[in-house]
Amino acid sequence: MNRYLNCLAFALLGLPVVTAAHVVLEQQTAPAGSYYKGTFRVGHGCEGSPTTAITIRLPEPMASVKPMVKPGWTVTVRTEKLAQPLMHHGKPVGEAVVEVSWTGGPLADAHYDEFALMMKLPDAPGRRWFKVMQLCERGANDWSQIPAEGQGMRDVKMPAAVLDLLPAESRPHH
């Protein structure tokens, strides 16, 4: 049994580690223009205090955003009218989701949870930053900092969640 545990521990050392100190996207790359399930992982509360609300601000309007419901949490979606309509399934969309909030819980500091959105991603490739506000019974964490040119995620104290949109693969049309 000890040999098994030693092998398991050694194998785990080779796995990539995502720090629990931030709100991060589980999958940090996706093809531009695709449908994408964005799973935001919340790894802790606010200096020991349980989380009572998570608000995700979208980096830009998207034609379709659907939050996943969670038992014990209430979902609120905020939309805004668009200056330029977006096309979705061949029809113009004049209003888009800009923010999604979950309130309730609470999520104890000793536990983690995931909050998910199904989104139709923009067609243009590039890096997108999702700003996340985490409210707790005592205090808050504003995960909204975007590293400056030449900086990495470790260079900012409260980094926003990042998604890299990759160029859509060209597919032959039949």
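All but one of (1) free of Cβ contacts under 8 Å to residues at least 60 places away in the same chain; (2) over 20 Å from the mean Cα position of the chain (by Cα) hold for Gly139, so report the exception by its number.
Only one criterion is unmet by Gly139, namely (1).
In this structure, is Pro159 in contact (Cβ under 8 Å) with a residue 24 or more places away in the chain and within 18 Å of the chain's Cα centre (by Cα)? Let's see the steps before the verdict.
On the way: in contact (Cβ under 8 Å) with a residue 24 or more places away in the chain: yes; within 18 Å of the chain's Cα centre (by Cα): yes.
In short, yes.
Filter segment 43-69 down to residues that are of a type in the set (A, V, I, L, M) and in contact with a Ser or Thr (Cβ under 8 Å, 6 or more places away or on another chain) and give me whichever is surrounded by the fewest Cβ atoms within 10 Å (Cβ to Cβ). Quick ask: steps written out before the conclusion?
As a first pass, look at segment 43-69 and keep what is of a type in the set (A, V, I, L, M): 53-54, 56, 58, 62-63, 65, 68-69.
If we keep only those that are in contact with a Ser or Thr (Cβ under 8 Å, 6 or more places away or on another chain) as well, we get 53-54, 56.
Values: Ala53: 19, Ile54: 25, Ile56: 24.
Once the filter is applied, the top-ranked residue is Ala53.
Just to confirm my filter: which strands (runs of 3 or more DSSP E) fall fully inside segment 73-174 and include at least 3 residues that are open to solvent by 80 Å² or more (accessible area, probe 1.4 Å)? Working first, answer last.
Numbers: elements: 73-88, 91-107, 113-120, 126-136, 140-143, 161-166.
Because the criterion is at least 3 residues that are open to solvent by 80 Å² or more (accessible area, probe 1.4 Å), the strands (runs of 3 or more DSSP E) in segment 73-174 that meet it are 73-88, 91-107.
How many residues are in a strand (DSSP E or B) and under 13 Å from the mean Cα position of the chain (by Cα) when one looks only at segment 25-65? Even if it seems obvious, please write down each step before you answer.
Of the residues in segment 25-65, the ones in a strand (DSSP E or B) are 25, 29-31, 35-42, 46, 49, 51-62, 65.
Those left that are additionally under 13 Å from the mean Cα position of the chain (by Cα): 25, 29-30, 36-42, 54-59, 65.
Total satisfying the criteria: 17.
For segment 139-171, give me each residue that is closer than 12 Å to Val23 by Cα and in contact with a Leu (Cβ under 8 Å, 6 or more places away or on another chain).
Passing the criteria: Ala161, Val162.
What is the one condition in (1) closer than 30 Å to Ala148 by Cβ; (2) open to solvent by 60 Å² or more (accessible area, probe 1.4 Å); (3) modelled with pLDDT of 95 or more that Tyr36 does not satisfy?
Among (1) closer than 30 Å to Ala148 by Cβ; (2) open to solvent by 60 Å² or more (accessible area, probe 1.4 Å); (3) modelled with pLDDT of 95 or more, Tyr36 violates only (2).
The values are calculated or read from the model by the stated rules, or taken from the named source; none is laboratory data. Computed from a predicted model, the values in this text were never measured in an experiment. In this analysis, Cβ positions are derived from the backbone assuming ideal geometry, glycine residues included, and neighbour counts consider all displayed protein chains. Please note that ligands, DNA and RNA were not included when accessible areas were found on the heavy atoms of the full protein model with its side chains. Shrake-Rupley method; radii C 1.70, N 1.55, O 1.52, S 1.80 Å.
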